Amino acid sequence: MWRRILILVLIIAVISFAAYKIEITLTGTPKLANTYTPFTQPTAQEIGSFDTLGFTISKADAESLRQTPEAEEELLPENGAVEITEDLLQLGREAFYTETFGGEYFQSDVAGALDGPINPITLTKSIARLGGKPTTNLQIPLDKDVEIGGKLFKAGTLLNTGLDIPKGSLLPLGMRTSIKEGKLRVGITCALCHATTDSEGRILEGAPNNDVDTGLLLAFGTNSAAMFRQTGVNPTEITAGQHTYIKANGETAYLPDAKALEDAVDAQLLAWPPGNFDSTGDLANNPSQIPPSYTFENWPYGWSGFASVGWFHGLTTLNNNVHATNSDATTGADSSLALIGIDKETYLGTLLQNSANPSFRLPEGAKPSEFFDKIDPTPGEPGINRTIRMPGYPKGSIFILDGLMASTPGLPVAAQLNGMSAWQNTLAPPPNQSVTDGESLQRGARVFANAGCIDCHSGRYFTNHDVVSEQEIKAQPSRAKALAKFPLIFTDPQTYPNSETVPVAADAPVLDVPENITPKPQQQLAYAQNNPAGGYKVPNLIGLYLTAPYLHDGGVAAGTEAEQLGMAGTLMQHIQPDAAASLRVLVDRNLREKAVAANRANPDLQVANVDGSGHEYWVDEQAGFTEKQQNDLIQFLLSLDDDPEYLVPSENSNQ
């Protein structure tokens, strides 16, 4: 083992020396043979079909349009048409596993993701100890006492990261490591959260990594205060420190005390349960469960349904959001005053005052925006990540929330984002071979219909695409209204056509993004407009056997033992939820009451607004169903895989 560690350290040292002037990247796209995808029936998305800003043109209709030059114009990239091709899917798959759009600069140079107790040496040693074997939870031992966010982690503690290591891999799945100018940087790709491995090391593409502890990984960075927007910590309410900066009006002021801010943010990040992440940046701590990437016919996207227009019915919007303030908080500087009440200079100064890389650290008495322009690795564009300004910037839109689209120079506009959308739309969970009792499945389908589940979870993919008001669904309310302020910065949605190459010319044409693909009331509810409580979208039910725990906050969970109830009794104890037991908690009011009580008794979960409440649609004795019918329903739900063998009867029957 130690020989393997020494070799890895020497490799890193040699590469670091050689890569001072060039960038060397350690990442990769797994071979299909190492995944379950070859054994999975793909979705009905057609090669040869088109997506035109959210509207689908079938392969047959495309062939018909090609019969006349005038009609064929509908298929041109100049009009926003994206053809689904094998090349596009390959581009999307590669981007899913390897593309960060430069996010490693913020994560490493600003947030210090690898500068704390989790660093290249401890990471390398922990992977080397596996001896090439896979794991779904990389454990990293601490070699000394560490206090993070007010919690003492003793030497010898094994940090359960939830990072997946495929068989024989030198890096966690979804982690991109690069070395340039002697600096080792780490960034994350979609695969970190939206792919996982099984115990044998085979990769489940699109399945959520439901035990990755993003809160812990962020908190152990040296400047995780730069992620304050994802928590409930407002830096303007932190006692001022000694670091001065120049405000927009030219006055000198003091930034919040760096240590106090770091401790407060770390404490809230450590409260996140494994498998959850806060992607809303609303100064409220409301992480949600990482969703699967079984996206076909599952629009609108996001837990509130906020991604509802544009290419692939909003999926491209969702993919872009991952590479906005979720991974690079500097992209939110121009909208920070409107959205969170913090002016741009204070916002940038707060992010940069304790940057991990001294070159990115705000000097004493500097004006933050002027300093940022000097150190920005993407000069001329807002933020650190590689982005382009959309028409109307600095305003955003329902299409691109903050007005910045992640893009790579030399490629067409939205090429990688659209590629990821098209590829994700091919994904489905592999067959669930543990559910084989056909008669039980048929009975369960009847229960599904009789209990009214089909009213919302309808059709081939078990969703009616609605956003349901929080007052009706009665789930933990915090996240439903998280995007309520974004319409304050919205303008009419527009984009550059995908015929344009990045960087986009100043005189590039502009296309209007149609908003009529999703009903206006649904769009408004997603942003808590005309209903201050907001809402949650109806998700599909495909792959439930892989996606426990349940509901948006993941609070509906159970293990195989009776006392393992709620998020408090499972993932917070590093115990994987059992899908069947968790589904029973979902539909049985007595068990749910106990699970919610367990969650509400956990102080961390209360800080993170996680309790598993709501969705009070019961299939239990009080609702008139027997234990056998409940069991049949659970088996039916577990059977919804890549090719569900479901039978929903046309007439109600309790038989």
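Taken together, Gln529, Gln522 contain a single residue that is touching a residue at least 40 places away in the same chain (Cβ under 8 Å), in contact with an Asp or Glu (Cβ under 8 Å, 6 or more places away or on another chain) and either at negative phi or of a type in the set (Val, Ile, Thr) (or both), which is Gln522.
Residues that are within 23 Å of Tyr294 (Cα to Cα) and surrounded by fewer than 24 Cβ atoms within 10 Å (Cβ to Cβ): does the range 523-530 have at least one?
Within the range 523-530, one or more residues are within 23 Å of Tyr294 (Cα to Cα) and surrounded by fewer than 24 Cβ atoms within 10 Å (Cβ to Cβ).
Which residues, taken from the range 344-370, are outside any helix (DSSP H, G or I), out of contact with any Phe, Trp or Tyr (no Cβ under 8 Å at 6 or more places or on another chain) and farther than 15 Å from Phe228 by Cβ? Passing the criteria: Ala356, Asn357, Arg361, Glu364. Among the numbered conditions (1) part of a helix (DSSP H, G or I); (2) over 30 Å from Thr501 (Cβ atoms); (3) of a type in the set (Lys, Arg), the only one that Arg93 does not meet is (2). Reported count of residues in the range 143-163, each being open to solvent by 50 Å² or more (accessible area, probe 1.4 Å), of a type outside the set (D, E, K, R) and without any contact (Cβ under 8 Å) to a residue 40 or more places away in the chain, is 4. Evaluated against (1) without any contact (Cβ under 8 Å) to a residue 60 or more places away in the chain; (2) at negative phi; (3) surrounded by 24 or more Cβ atoms within 10 Å (Cβ to Cβ), Asn418 falls short on exactly one condition, (1).
Taking the listed residues Ser126, Ser224, the one that is free of Cβ contacts under 8 Å to residues at least 24 places away in the same chain and either open to solvent by less than 10 Å² (accessible area, probe 1.4 Å) or touching a strand residue (DSSP E or B) at 6+ places or on another chain (Cβ under 6 Å) (or both) is Ser126, with no other qualifying. Scanning the range 394-412 for residues that are part of a loop (DSSP other than H, G, I, E, B) and crowded, with 24+ Cβ neighbours inside 10 Å gives Ser397, Ile398, Phe399, Ile400, Leu401, Asp402, Gly403, Ser407. When Asp334, Asp373 are checked against the criterion of being among the acidic types (Asp, Glu) and either without any contact (Cβ under 8 Å) to a residue 60 or more places away in the chain or in a loop (DSSP other than H, G, I, E, B) (or both), Asp373 stands alone in meeting it.
Scanning the range 299-314 for residues that are in contact with a Pro (Cβ under 8 Å, 6 or more places away or on another chain) and open to solvent by 20 Å² or more (accessible area, probe 1.4 Å) yields Trp303, His313.
Scanning the range 315-329 for residues that are in contact (Cβ under 8 Å) with a residue 40 or more places away in the chain, part of a helix (DSSP H, G or I) and buried (at least 23 other Cβ atoms within 10 Å of the Cβ) yields Leu315, Thr316, Thr317, Asn319, Asn320, Ala329. Which residue is surrounded by the most Cβ atoms within 10 Å (Cβ to Cβ), if the candidates are limited to the range 568-583 and must be in contact with a helix residue (DSSP H, G or I) (Cβ under 6 Å, 6 or more places away or on another chain) and over 23 Å from Thr214 (Cβ atoms)? Only one residue fits best here, namely Leu583.
The values are calculated or read from the model by the stated rules, or taken from the named source; none is laboratory data. Small disclaimer: the values here were computed from a predicted structure and weren't measured. No Cβ is skipped: glycine too gets one built from the backbone with ideal geometry, and neighbour counts run over all protein chains shown. Surface accessibility is based on the protein's heavy atoms, side chains included, excluding ligands, DNA and RNA. Shrake-Rupley method; radii C 1.70, N 1.55, O 1.52, S 1.80 Å.
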